[in-house]
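The values are calculated or read from the model by the stated rules, or taken from the named source; none is laboratory data. Nothing here was measured: the structure is a model prediction, and the numbers come from that model. Neighbour counts run over all protein chains shown; Cβ positions are idealised from the backbone, glycine included. These accessible areas exclude ligands, DNA and RNA; they are computed on the full protein's heavy atoms, side chains included. Shrake-Rupley method; radii C 1.70, N 1.55, O 1.52, S 1.80 Å.
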Amino acid sequence: MPLQLISGDITKMSVDVIVNAANQRLRAGGGVCGAIFNAAGRNQMQEACDAIGFCDTGQAVITPAFNLHAKAVIHTVGPIYSNGKNPDEELLSSCYLKSLELALANGYKSIAFPLISAGIYGYPKEEAIQIAVKSILSFLRSHELTVYLVLFNPRDLEPAQRWMEHYDQLTSSGIE
Ligand code: ADP
């Protein structure tokens with residue numbers, strides 16, 4: 001199964017790459033970002049991010065993972081929700097696609113995502129889940145990678161499963 005939905009703490013994942021829901025200035029923040037920085041080693045992760053300096057919304061950059069089980073951290077900056085107006089959806093989708101491309105370009109085979117923009121950046125959960133699942137599945141149609149979507153709240157597993165089945169059916173019926 002190339003996309004696996006799980007519930008838990010992303011900092012505990014033993015995968016090649018963990019994705020961070022970062023901010024443009026690549027500063028240690030709250031939410032999943034704070035948890036990743038703390039688990040990686042706050043000072044060394046901040047130094048690596050400062051050397052890069054900035055990441056635009058919808059883009060992704062890569063650093064070592066330091067004390068995490070992973071080999072690398074990809075930092076991607078989700079959009080701050082603005083009532084679902086374009087280009088929110090494209091930017092959020094771009095976070096997943098750019099991160100997946102960057103992982104493959106660096107030779108990695110497994111990657112774990114949190115639900116980008118669905119916390120402090122205010123994206124409605126259901127929409128954030130739908131965009132995450134759709135973007136990852138569309139990438140996996142033409143690329144080999146093991147992808148985990150790590151849902152902090154176990155209640156998010158059911159909608160994620162539902163969207164995954166929905167897009168699987170569209171693909172197998174040739175609609176998408
Ligand atoms: P953003 O600023 O992009 O909204 P947040 O960190 O505020 O990022 O939240 C993104 C998602 O990550 C939320 O759904 C939040 O519940 C989840 N999250 C927070 N901590 C963790 C963690 N340790 N592992 C996995 N997901 C987490």
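Along its first, second and third principal axes, ordered by size, the range 3-172 spans 45, 34, 28 Å in Cα coordinates.
Straight-line cross-link partners of residue 125 among the lysines, defined as a Cα under 22 Å from its Cα and at least 8 positions apart when in the same chain: 85, 98, 134.
Compute the angle between helix 125-140 and the longest alpha-carbon principal axis of the chain, please, reported from 0 to 90 degrees and rounded to the nearest 10. Helix 125-140 sits at roughly 80 degrees to that axis.
Share of the range 121-176's accessible area from carbon and sulfur, percent, 1.4 Å? Before the final figure, lay out the partial values.
Working: 1580 of 3040 Å².
After summing per-atom areas, the C and S share lands at 52 percent.
Mind giving me the FRET efficiency for residue 109 and residue 82? R0 is 41 Å, r the Cβ-Cβ distance, nearest 0.05 is fine.
On the way: r = 35 Å, r/R0 = 0.87.
For R0 = 41 Å, the calculated efficiency reads 0.70.
Could you name the lysines in cross-link range of residue 12, using Cα to Cα under 17 Å and dropping any fewer than eight places away on the same chain? The qualifying lysines are 71. One Cα centroid belongs to the range 68-88, the other to the range 136-153; the line between them spans 15 Å.
For the range 109-176, the alpha-carbon coordinates run over 36, 26, 19 Å along the three principal axes, in decreasing order.
The residues of the range 68-162 present an accessible area of 46 Å² per residue when probed at 1.4 Å with all protein chains retained.
Measuring how big the range 40-87 is from its alpha-carbon positions, Rg and Dmax come out at 13.3, 38 Å.
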